[in-house]
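The structure is given below, and queries will be raised subsequently.
The values are calculated or read from the model by the stated rules, or taken from the named source; none is laboratory data. Note that the structure is a prediction, hence the values are computed from the model and not measured. Don't worry about glycine lacking a Cβ; one is built from the backbone with ideal geometry, like all the others, and counts go over all protein chains shown.
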Amino acid sequence: MRHVVLATLFTIVAAVLSTPVPAARAEGATARTLPRSVFEDKVRGGWAGQMIGVSFGAPTEFRSNAKILEGSLPKWRPSRVDNAIDQDDLYVEMTFAAVMDHQGLDATSEQYGEAFRTSRYNLWHANAAARRLLDRGIKAPLSGDPKYNVHANDIDFQIESDFIGLMTPGLPQAARHYSERVGRVMNYGDGLYGGIFVTSMYGAAFFESDPRKIVEAGLASLPAESGYAKIIRDVLTWSGQHPDDWRRTWRLIEEKWDKDDPCPDGALEPFNIDAKLNGAYIALGLIYGRGDFARTLEVATRAGQDSDCNPSSAAGVLGVVLGYKAIPAEWKSGIAALADKKFAYTDYSFNDIVASTIARATKVITAAGGQVTDQVVQVPVQAAVPPPLEQWDPGVPSKRVMSTDPAWQWKGAWGRPATKKDNHDSGPTVSTAGAEATLSFSGTGVVVIGRMAQDGGRADVFLDGAAAGQLEAYIPPNTHDNDLWHAFGLTAGAHTVRIVTRGDHVPASTGNVVQIEGAVTYASR
């Protein structure tokens, strides 16, 4: 990954402290105070919590979908925290932290997008779609807009937002400001709100020890009518009704909310990478963990789905509450040995990212009307102000129409590859111009899915006989997506999509390959 090298910590601090950020001090607000040593220990605890949480949950990620992960969890050994060095939960957010440290806290979504575009690590879902779009010249914030990015509601920004919460202690308006700048690179609506929820909980954790109140603080930063706010209110209500039975609350979440995931990979499948569902599992872990580090990790992990990201955020928030010194030694004792080891694709070690976070937080607190000295940190009381409501609902996934379905008609030189994907035919392939594939379906939306690679070609697409843009099968290296083309908001009823291969490609591609696995269709809700 291409990063600007961090020359010295002094350079980081100087760059951060010289850049203005919007002030957001409430009239007549009183300040809350922490000893400087306590504040720094809480920042350290937040980063340590993330590292421990993701390392603990890593062996279980997406191993238990739509069901509670029962049985024994992988035994924790302090050395397992070394896994965090190579986790995207951490190094991706450090991409954006580096932009702040070198370009200043007033960096734009477009600047964050450019850093993301030139990154070289593996990406999936909303992140992958964003990098692919940025590579095509669709700049942030459009790279996160559902017009282009069908993963806009996915979890991606939620798992990369923690660093913002750690630099905005007790400052939910500042957390929202930076979340909107960064989060729109890859997400929109509830996908964006996931990051705002997480950052607001981190900020609250500097001054609040009750996990339930911390979740309530996160909720206060969300538009009340958003799907994300509704699921968190349900978690709060159900956990109040069943305070000693997290499994019952989990089942209530499952019955009401684990439905109709629009992500093409999760549609009509147990797999669910929706931000708000996984955010509910973060809240579940915090509430039922009741401040106990091991219990918080266990509940957030057993809830399933993205069960390394969710305990990472839950343990990160709790790490702020406890501070590094109070995290039980059995969990944190492996960190000291790698505290100066660089995270993959970054120029940050654990010690580096803690120091740069403190430097950024100092500027944010000062801009908000607070004060940071060698002895104390004073932060003004700042009320949460939710962003305007934005929601994206592509409809209810109605059918997975694979390439062998008679709804598809094929003309021209399409051939079947010799290799199989997940033990089934991965779809017809062609590298020449003039081959046609036609899908007949009924619904209000469709995503054509297929292979995207560095030898991808192009095709013209016609919807109900009218030109409807191009299918682009090229994707940058280490970028994993399958959204070849999509359309939503169609009139309910019968439609046809006709795909005609072009036999050309973008300059970066090494071939003209178009391979279609099938489609996901959607119906009105």
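To keep it simple, each residue is scored yes or no on (1) touching a helix residue (DSSP H, G or I) at 6+ places or on another chain (Cβ under 7 Å); (2) among the hydroxyl-bearing types (Ser, Thr, Tyr); (3) under 24 Å from Phe116 (Cβ atoms); (4) not assigned by TED's automatic domain parsing to the domain that holds Ala126.
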position	(1), (2), (3), (4)
Pro428	no, no, no, yes
Ala437	no, no, no, yes
Ala468	no, no, no, yes
Tyr474	no, yes, yes, yes
Asn482	no, no, yes, yes
Arg502	no, no, no, yes
Val506	no, no, yes, yes
Gly511	no, no, no, yes
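Spot the failing condition for Val364; the list is (1) closer than 25 Å to Trp47 by Cβ; (2) under 22 Å from the mean Cα position of the chain (by Cα), and only one is missed.
Here Val364 meets the rest and fails (2).
If you check Asn127, Asn83, which single one turns out to be surrounded by fewer than 24 Cβ atoms within 10 Å (Cβ to Cβ) and not in a loop (DSSP other than H, G, I, E, B)? Walk me through it before giving the result.
Working: Asn127 fails: surrounded by fewer than 24 Cβ atoms within 10 Å (Cβ to Cβ).
Within the list Asn127, Asn83, the selection yields Asn83.
Do we have Ala384 as modelled with pLDDT under 95, farther than 25 Å from Ala487 by Cβ and of a type in the set (A, V, I, L, M) here?
The answer is no for Ala384.
Please identify the pairs in which a residue from the stretch 84-97 that is aromatic (Phe, Trp, Tyr) has its Cβ atom under 6 Å from the Cβ atom of a residue that is assigned to a helix (DSSP H, G or I), counting only partners at least 6 apart or on another chain.
Listed pairs, sorted by first residue: Phe96/Tyr112; Phe96/Val182.
Restricting attention to the stretch 279-292, which residues are touching a Gly at 6+ places or on another chain (Cβ under 8 Å) and not hydroxyl-bearing (Ser, Thr, Tyr)? So that I can check it myself, show each step before the final result.
So the first thing to find is which residues in the stretch 279-292 are touching a Gly at 6+ places or on another chain (Cβ under 8 Å), and the list is 279, 281, 283.
Passing the criteria: Gly279, Ala283.
Same structure, new question: Just to verify a result, which residue in the stretch 262-294, among those that are charged (D, E, K, R) and buried (at least 23 other Cβ atoms within 10 Å of the Cβ), is nearest to Trp124 (Cα to Cα)?
Filtering first and then ranking leaves Asp274.
Of Ala459, Ala519, which residue is under 16 Å from Ser403 (Cα atoms) and either in a loop (DSSP other than H, G, I, E, B) or in contact (Cβ under 8 Å) with a residue 12 or more places away in the chain (or both)?
Ala519
For a quick check of your reading of the model, give me the residue pairs whose first member lies in the stretch 251-264 and is modelled with pLDDT under 95, whose second is hydroxyl-bearing (Ser, Thr, Tyr), with beta-carbon atoms closer than 8 Å and at least 6 apart or on different chains.
Pairs found: Pro262/Tyr522.
(1) touching a residue at least 12 places away in the same chain (Cβ under 8 Å); (2) on the phi < 0 side of the Ramachandran plot; (3) outside any helix (DSSP H, G or I): which one isn't true of Ala66, the others all being true?
(2)
Just wondering, is there one or more residues in the stretch 301-313 that are crowded, with 24+ Cβ neighbours inside 10 Å, in contact with a strand residue (DSSP E or B) (Cβ under 9 Å, 6 or more places away or on another chain) and assigned by TED's automatic domain parsing to the domain that holds Gly45?
Yes; the residues of the stretch 301-313 include at least one that is crowded, with 24+ Cβ neighbours inside 10 Å, in contact with a strand residue (DSSP E or B) (Cβ under 9 Å, 6 or more places away or on another chain) and assigned by TED's automatic domain parsing to the domain that holds Gly45.
With respect to Glu110, is the statement that it is acidic (Asp, Glu), more than 22 Å from Tyr348 (Cβ to Cβ), in the same structural domain as Arg176 (by TED's automatic domain parsing) and not in a loop (DSSP other than H, G, I, E, B) true?
Yes, satisfied.
Where the second residue is crowded, with 20+ Cβ neighbours inside 10 Å and among the basic types (Lys, Arg) and the first is farther than 14 Å from Asp162 by Cβ and lies in the stretch 312-330, which pairs have Cβ atoms under 6 Å and are six or more apart or on separate chains?
Matching pairs, first to second residue: Gly323/Lys42; Tyr324/Arg44.
Of these, Glu298, Glu330, which one is at pLDDT 95 or above, over 23 Å from the mean Cα position of the chain (by Cα) and either of a type in the set (A, V, I, L, M) or closer than 25 Å to Asp41 by Cβ (or both)?
Glu330
If you take the residues in the stretch 437-453 that are of a type in the set (A, V, I, L, M, F, W, C) and in a strand (DSSP E or B), which one is surrounded by the fewest Cβ atoms within 10 Å (Cβ to Cβ)?
By that ranking, first place goes to Ala453.
When Gly427 is evaluated against the numbered criteria (1) outside any strand (DSSP E or B); (2) over 26 Å from Leu268 (Cα atoms), which criterion, by number, is the only one it fails?
Among (1) outside any strand (DSSP E or B); (2) over 26 Å from Leu268 (Cα atoms), Gly427 violates only (2).
OK, next. With the requirement that a residue be in contact with a Ser or Thr (Cβ under 7 Å, 6 or more places away or on another chain) and closer than 30 Å to Leu439 by Cα, what does the stretch 368-402 give you?
Within the stretch 368-402, Gln391, Gly395, Ser398, Lys399, Val401 meet the criteria.
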